[in-house]
1. Please work out which residue is nearest to V258 (Cα to Cα), limiting yourself to region 308-324 and to residues that are out of contact with any Asp or Glu (no Cβ under 8 Å at 6 or more places or on another chain) and open to solvent by 40 Å² or more (accessible area, probe 1.4 Å).
2. Is at least one residue of region 275-289 assigned to a strand (DSSP E or B), farther than 30 Å from T328 by Cβ, more than 17 Å from the chain's Cα centre (by Cα) and modelled with pLDDT under 95?
3. Just the residues that are assigned to a loop (DSSP other than H, G, I, E, B) and either polar (S, T, N, Q) or modelled with pLDDT of 95 or more (or both), please, taken from region 229-260.
4. Return only the number of the condition from (1) in a strand (DSSP E or B); (2) in contact with an Asp or Glu (Cβ under 7 Å, 6 or more places away or on another chain); (3) more than 30 Å from R330 (Cβ to Cβ) that V270 does not satisfy.
5. Being in a loop (DSSP other than H, G, I, E, B) and open to solvent by less than 20 Å² (accessible area, probe 1.4 Å) is the requirement here; does A132 meet it?
6. Report, by residue number, each residue of region 363-415 that is among the small types (G, A, S) and out of contact with any helix residue (DSSP H, G or I) (no Cβ under 9 Å at 6 or more places or on another chain).
7. Those residues that are outside any strand (DSSP E or B), within 16 Å of P142 (Cα to Cα), open to solvent by 30 Å² or more (accessible area, probe 1.4 Å) and of a type outside the set (D, E), I need them from region 88-121; list them, please.
8. Go over the candidates G246, G256, G261 one by one and state the one that is over 20 Å from I109 (Cα atoms) and either surrounded by 19 or more Cβ atoms within 10 Å (Cβ to Cβ) or of a type outside the set (A, V, I, L, M) (or both).
Amino acid sequence: MAWSRRDPTRAVLLAGICGLLPALTVAGAEKSYTLRSSRKTGDVTKVQVEMEVGGELKVVAEGKVKPLKMSVKGKLAYEEKLLDASSSDDGIRLRSARHYDLADADIKIEEGDGKPKLREERRLIVVDATPAQTVLFSPQGPLTREELDLVDVPANSLWIEQLLPTKPVSIGSRWTYSDSLAASLLGLDAVSQSDVSSELKTIDDKNARFEFAGKVHGAVGGVATEIEVKGKCRYDRKQRRVAWVGLLIKENRSIGHVSTGLNVVARMQVHLAPGRQSEHLPDSALQSLPTDASALPISLECRHPAGKFSFQHARGWHVMSDLSDVITMRYVDRGEVVAQCNISALADQDPGKRTALGKFQQDIERSLDKDFGQFIQASESVTSNGHVIYRVVAEGTVSELPIQWRYYLVSDDQGRQVVFAYTLEKDLAAQLGDADQELVSSLEFAARPKNQGQPTPAAMNPWPTKIGRMQNQLRVR
């Protein structure tokens, strides 16, 4: 039967079909999902981190870049309690307390190896994080640099929930991240360019899975670095929490004043699970401990390799060598090397006897030899714990560059002695400020056998050019 435009039956059928179209369109549309975190203040998360790193370190040896094969295998296991999650004009602030059940690493560099561990009395760690910086410290006492490097790793669990989208998403949806979040997740001081973005891949009643990737150009300690990152993430829809993150990080980092360069590939897995109240992180104990990094000096601890003494230092100081009886450190401020310091133990005097201040000055002048110009200060003081401190400041010229040397001789009533010898450009004296005295005033002696030694010159090979342009050899620890 032929249908005409005026056929009432046809009209009814067309109307019915047209009436179904909106319903068909809605049914075929991509459904959107809200992937938000349920984590709140007071919640405890059990975290396990597995990391493998392989590649090369880059050091300067005899004026040339030398690659050193290296590998790292590390495992972390800790409970983390969220203490604060607040927002302000400066962005989100996150704080947590962690108790580490496991913190081990196996580091191999060419023929050498190392196995840093977290001391039992430093297993409580506070993380204080803002978009500007993430600080890890122990409220129970200062960490060593090795302990800090052991626990301060990429994919910080305090920031992982920030990978989730801030708006509802559907399969195939993409979202991007701020430069500050990229810096926080990768452990960078700053990011100049980043294109890291995520895409929702699959979703079911139990899990949502998304992947992220991109390139990041940034800096660590004033040193440029380029990173290519790829990752996968599983979001538990019932717990409403990120349950797992896998990362592949390729990094090419330049050689710095206090650090080796890197050309490495890192593979990481982070497992997260909601936990019950932790016996190690009770509210009653945490309330009595300092947890605000901005109100603390958060110094690091440096110990003599033979256990003769220890002292605390700001995080701008970096140990360059402690392979002999002399500890060599450099102070970096905003990416610029400001000063170098050699710390050494001298032979014991008889109890109650001390080197005369004048004799100490004579030793300094003899050590500096033709570079010596004049003394501008020589003083003596006594600390609250009875240590006598000589402070001698000298100036001179090295290759037409004005140099300042600051020497400290610290002794106790048992005759033990330690010398701190600082070398810096005269123009950088104000930038160093009191950073030299902080190390000296925190010195603590430990029992040690008698030995022989002499004051160590502040610089065996004084810097001949501007510090910012010098190419010194870096010793790999």
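1. The first filter runs over region 308-324 and keeps only residues out of contact with any Asp or Glu (no Cβ under 8 Å at 6 or more places or on another chain), leaving 308, 315, 317-324.
Add one more test, that the residue is open to solvent by 40 Å² or more (accessible area, probe 1.4 Å), and what stays is 315, 318, 323-324.
Details: R315: 12, H318: 7, L323: 16, S324: 18 Å.
In this case the residue turns out to be H318.
2. So far as region 275-289 goes, yes, one or more of its residues are assigned to a strand (DSSP E or B), farther than 30 Å from T328 by Cβ, more than 17 Å from the chain's Cα centre (by Cα) and modelled with pLDDT under 95.
3. The answer is R237, K238, Q239, R240, S254, S259, T260.
4. For V270, the exception is condition (2).
5. no
6. First, the residues of region 363-415 that are among the small types (G, A, S): 367, 373, 378-379, 381, 384, 386, 394, 396, 399, 411, 415.
If the condition is that a residue be among the small types (G, A, S) and out of contact with any helix residue (DSSP H, G or I) (no Cβ under 9 Å at 6 or more places or on another chain), then S367, G373, S381, S384, G386, S399, S411, G415 are the ones that fit.
7. Once the filter is applied, which keeps residues that are outside any strand (DSSP E or B), within 16 Å of P142 (Cα to Cα), open to solvent by 30 Å² or more (accessible area, probe 1.4 Å) and of a type outside the set (D, E), region 88-121 yields only R119.
8. G246
The values are calculated or read from the model by the stated rules, or taken from the named source; none is laboratory data. Small disclaimer: the values here were computed from a predicted structure and weren't measured. Cβ coordinates were reconstructed from backbone atoms using ideal geometry, including for glycine residues, and neighbour counts include every protein chain displayed. Heavy atoms of the whole protein, side chains included, go into the accessibility calculation; ligands, DNA and RNA do not. Shrake-Rupley method; radii C 1.70, N 1.55, O 1.52, S 1.80 Å.
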